[in-house]
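J.: Quick one: the structure is below, questions incoming.
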Amino acid sequence: MFQKYLTYYFLLLILSILICSFILPFLFQKNIKFPQTSSDFIWPTPNYFTITSKYGPRKAPAGGASTFHSGIDIGAPEGSNILSICDGYISFTGFKGAGGYTIIVSAPPYQISYCHLNPEFEVSVTEFVYKGEKIAKVGPKYVKETSNNPYRDSTGNATNGATTGPHLHLTIRENNLAINPLQFFSNIIEQ
Ligand SMILES: [Zn+2]
C-alpha cells in the first residue's frame, strides 16, 4: 500500500520538475535572435539623424570627455524616444562615468551602449528587448548630484556624464572592442 503511494509521489515529483524546467520556460521565452547581423540593426532615434560628433579621434568637447570618441553622438532633444537597434537583453542600467546614465544591451557578439539617458530607466537588467522596442528617453543635461558622478560644467552643476547638452551617445562594441556605429547605418546616414 505505502509502496504504491510512494510511486505516485515520485511520478508527481518528476512531472513537476519537467514542467518547471522545460514547459514554463518554453511558454514564457521571447524569440530573440542571436547572433545578429549588421543588416538587422535599426536607427535608435526616429526623426533625428544628425550626427553631432563622429566616431574616432577628436578634440574633447566637454571636461572629462575622451579625445577618442568611442561612438557617435546623435542630436536629439531631451525626452526623445530611444529604440533598441537590435534584439538583446539589458546587461547594465546605471550611471557609467563619462557616459552618464547608461543602458547596455547585450546582443552577442555585440554590446550596445546608450548614454546620457533619462535617469528614470524604463527597463531593467536581464530583461529582453526586441529591435525597435522603446528602451529609454534622451536625458537632460543636468542631473541630481550623486556621489558617483564627478562631472560638473562651468556652472558647477552636476551633468549627465561628460556632456554639453541633451543628445544620444551610441557605442557599439563587437566582442568588447568599440567599432564605428555608422558602418551599420550606411544606408541612412552619409559618412
Ligand atoms: Zn559621445
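J.: For region 8-21, in order, what is each residue's ³J(HN,Hα) by Karplus, 6.51 cos²θ - 1.76 cosθ + 1.60 with θ = phi - 60°, in whole Hz (x at glycine and Pro)?
T.: Result, rounded to whole Hz: 4, 4, 4, 5, 4, 4, 4, 4, 4, 4, 4, 4, 5, 8.
J.: Could I ask something else about it? Among H69, H169, H116, which one shows the biggest mean-square fluctuation in a GNM of the chain, springs joining Cα atoms closer than 10 Å?
T.: Of H69, H169, H116, the Gaussian network model singles out H69 as fluctuating most.
J.: Quick check on the exposure proxy: order D73, D87 from fewest to most C-beta atoms within 10 angstrom. Working shown, then result.
T.: Working: D73 23, D87 20.
In increasing order of surrounding Cβ atoms, one gets D87, D73.
J.: Under 15 Å from the Cβ of T67, count the other residues' Cβ atoms, weight Lys and Arg +1, Asp and Glu -1, and hand me the total.
T.: Values: positive: K54, R58, K59; negative: D73.
Residues near T67 contribute +2 overall.
J.: For Q183 and L18 in the same chain, what is the full-extension length gain: residue separation times 0.36 nm, less their Cα-Cα distance, in nm? Intermediate results must be reported in sequence, preceding the final value.
T.: Numbers: separation 165, 0.36 × 165 = 59.40 nm, distance 4.52 nm.
Here the answer is 54.9 nm.
J.: To make sure I understand the rule: partners must be aspartates and glutamates, Cα under 12 Å from the Cα of K134, and not fewer than 8 residues away in the same chain. Which ones qualify?
T.: Leaving aside aspartates and glutamates fewer than 8 places away in the same chain, those within reach of K134 are D87, E122.
J.: Quick check: pseudo-label points 7 Å beyond the Cα along Cα→Cβ at E174 and F10, how many nm apart are they?
T.: 5.5 nm
J.: Then there is this: Could you compute the net charge surrounding E78? Neighbours are other residues with a C-beta less than 10 Å from the C-beta of E78; K and R count +1, D and E count -1.
T.: Values: positive: K137, K141; negative: none.
It works out to a net charge of +2.
J.: I've got another one for you. Name the aspartates and glutamates eligible as straight-distance cross-link partners of K54: C-alpha to C-alpha under 12 Å, and not fewer than 8 places from it in the same chain.
T.: Cross-link targets: D73, E190.
J.: Need one number: nm distance between label points at R58 and T155, each 7 Å from Cα along Cα→Cβ, rounded to one decimal.
T.: According to this spin-label approximation, the distance is 2.2 nm.
J.: A further question on this structure: How many nm is it between the label spots at E120 and D40, if each spot is 7 Å from the Cα in line with the beta carbon?
T.: Taking the two extended label points, one gets 3.2 nm.
J.: Compute the distance from the alpha-carbon center of region 125-158 to that of region 67-117, in whole Å.
T.: Region 125-158 and region 67-117 have Cα centres spaced 10 Å from each other.
Every number in this text was worked out from the coordinates using simple rules, so none of it is lab data. Source: prediction; values computed, not measured. Cβ coordinates were reconstructed from backbone atoms using ideal geometry, including for glycine residues, and neighbour counts include every protein chain displayed.
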